[in-house]
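J.: First, the structure itself, so that you have it in front of you.
FYI, it's all coordinate maths here, none of it is from the lab. Keep in mind the model is a prediction, meaning the values are calculated, not measured. Don't worry about glycine lacking a Cβ; one is built from the backbone with ideal geometry, like all the others, and counts go over all protein chains shown.
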Amino acid sequence: MKNTGTETNMRDGANASIWQSALVDHTATNHSDYQEVYDALIIGGGITGLTTALLLQKQGKKCVLVEAKNLGFGTTGGTTAHLNTFLDTTYPEIDSDFSKETSSLIAEGTKKMIEMIRTNIQDLEIDADFEFKMAYLFSQNEKETKELQSILESSQAAGVTVTEASENGVPIPFERVVRFDNQAQFHPLKYIHGLAKEFEKLGGQIIEQTFIERTELHEDIHHAKSDQLILKAKNIVYATHIPPGINILSLRNAPYRSYVLAVKLNSGAYPDCLAYDMQEPYHYFRSHEIDGQKYLIIGGADHKTGHEDPLKAFEALEEYAKKYFDISEVSYQWSSQYYVPVDGLPYTGHLPGGDKGIYVATGFNGNGMILGSLSALLISDLILGKENPYEKLFSPSRLKPIAGFNEFVKENADVAYHFVADRFGAEIIKSTHELAKNDGKIVEFDGEKLALYKDETGKVTALNPVCTHAGCIVNWNPAEKTWDCPCHGGRFSITGKVLNGPPQKDLESVSLHEIASGNK
Ligand code: FES
């Protein structure tokens, strides 16, 4: 199993994704010649941030993009990069929760984004392995078949090219199947590095390894502060999934993790399509060739961040994959985070309750490549003062009381106040010897609740397990070697550094010596 990224090509967990295996040409450089005031400061070096930055820079705006780690560190480095004209929120759901016109608008936007990505790759000569593919969605029982029929009808009505098919492209039994034409796949890291290169060529600046700790507004100019610098900008775009701090978007989006395997097959019969079953959570399939080697990429086993055992999720996914494919090697396995919006559509636009000129983009569900690109187009239009058909629909301030809303809010409240205490009580230990090497645990040690991790050499790192966002207790993720917060998806490294999510501060370090000596 390959589990290392390169120094400049890291991800937010211990497992490297398949995209990190091919050394991506790293173009971003840190600058010292900062502008007095930028038109836009974009925070986050994934597909949303880089697309926004490039769109604005192309229009003559002076932009700087700041990334806390390296480009593609977050979800863009862990996506499986399916480009679809159908979404996790299905057209029948959009029809009923919004309107048929909304479904048509979404369908048009998805098509446009596949074309925008294809055109960028072509025009900027990015070697990003873009390929059009057929996508098969298949049912396996009566209930799913009924739902599939409704998806077929609503998708067609929305203007999506989809028809009934007789095969599903993968060796998995099905009851019924539909085929979406002109879907696509690509290499997400190569793509964003291509965008970064062009952005810099046009005069944009990229600053990596810089965490913006806070922003302040002085006379209509935002001052964004890291521990080393202050950047001034007229607009700030949080392309970080969920924006930092306590805000309504943490209640309207639930963090999930999805699991992925990239495997080699004895048969050599790699599917030449995209495919999806309709289970909950659903499995997704595609193939990709990297350095002359073909891989089948299978995803699924999704669950709420910090709510299930990640090792079991990988096991379940592997077991499922082995049932249908003759696997010779699991070459990569990794997990990735995404946010499920309460009413099914992204929250992109002005940050509710935020200062003027602060924008956010989140709630992409499992469709971040398409909806991140569409959100980038929307935010750049908002900053440029142009009309955009998605402005009202995606507005983060929208109030959309739908059937699931109350349940969702209740679930979130539940998460915040009861979940951790109920399910993950701290284990009481008397000595750190009780902790296995290479493992982490929430423990009670000398009367203190601690997040303890013991490395391979036996060195123990102790942290205060109270999440710095809103006070939930973090959980150990043994697969990614991270501390994951079950409330709003905040994630921290072994040493407590913020990796992603809304927390702005690292977990507090605790000295075991001080606890043992009673000084703390
Ligand atoms: Fe909100 Fe941890 S991410 S409390």
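J.: What pairs come up if the first residue lies in the stretch 132-149 and is at negative phi, the second is β-branched (V, I, T) and part of a helix (DSSP H, G or I), and their beta carbons are under 9 Å apart, counting only those six or more places apart or on different chains?
T.: Going by the 9 Å Cβ cut-off, the qualifying pairs are F132/I114; L137/I151; S139/T145.
J.: Take residues that are touching a residue at least 24 places away in the same chain (Cβ under 8 Å), within 26 Å of the chain's Cα centre (by Cα) and at negative phi and tell me which of the strands (runs of 3 or more DSSP E) falling wholly in the stretch 160-239 contain 2 or more.
T.: It comes to 176-185, 205-207, 214-218, 230-238.
J.: While we're on this one: Just a yes or no: is a residue in the stretch 306-316 farther than 27 Å from V466 by Cβ, among the acidic types (D, E), without any contact (Cβ under 8 Å) to a residue 24 or more places away in the chain and in a helix (DSSP H, G or I)?
T.: Yes: one or more hits.
J.: Quick one: how many residues across the stretch 424-446 are outside any strand (DSSP E or B), closer than 17 Å to C485 by Cβ and away from the ligand (no atom under 16 Å from the Cβ)?
T.: Qualifying residue count, the stretch 424-446: 2.
J.: Find the residue count for the stretch 286-305, including only residues that are free of Cβ contacts under 8 Å to residues at least 40 places away in the same chain and either in a loop (DSSP other than H, G, I, E, B) or under 22 Å from the mean Cα position of the chain (by Cα) (or both).
T.: 4
J.: In addition: If Y270 passes every condition in (1) farther than 30 Å from D506 by Cα; (2) aromatic (F, W, Y); (3) part of a strand (DSSP E or B) but one, which one does it miss?
T.: (3)
J.: Could you check the stretch 459-492 and list, in sequence order, the residues that are among the basic types (K, R) and either farther than 17 Å from Q504 by Cβ or away from the ligand (no atom under 14 Å from the Cβ) (or both)?
T.: Selection gives K459, K481.
J.: Moving on. From the list K449, K505, which residue is touching a residue at least 12 places away in the same chain (Cβ under 8 Å), within 14 Å of the ligand (Cβ to nearest atom), farther than 20 Å from R257 by Cα and over 18 Å from the mean Cα position of the chain (by Cα)?
T.: K505
J.: On to the next question. Got at least one residue in the stretch 266-279 being of a type in the set (S, T, N, Q), in contact (Cβ under 8 Å) with a residue 40 or more places away in the chain, buried (at least 21 other Cβ atoms within 10 Å of the Cβ) and touching a strand residue (DSSP E or B) at 6+ places or on another chain (Cβ under 8 Å)?
T.: There is no residue in the stretch 266-279 that is of a type in the set (S, T, N, Q), in contact (Cβ under 8 Å) with a residue 40 or more places away in the chain, buried (at least 21 other Cβ atoms within 10 Å of the Cβ) and touching a strand residue (DSSP E or B) at 6+ places or on another chain (Cβ under 8 Å).
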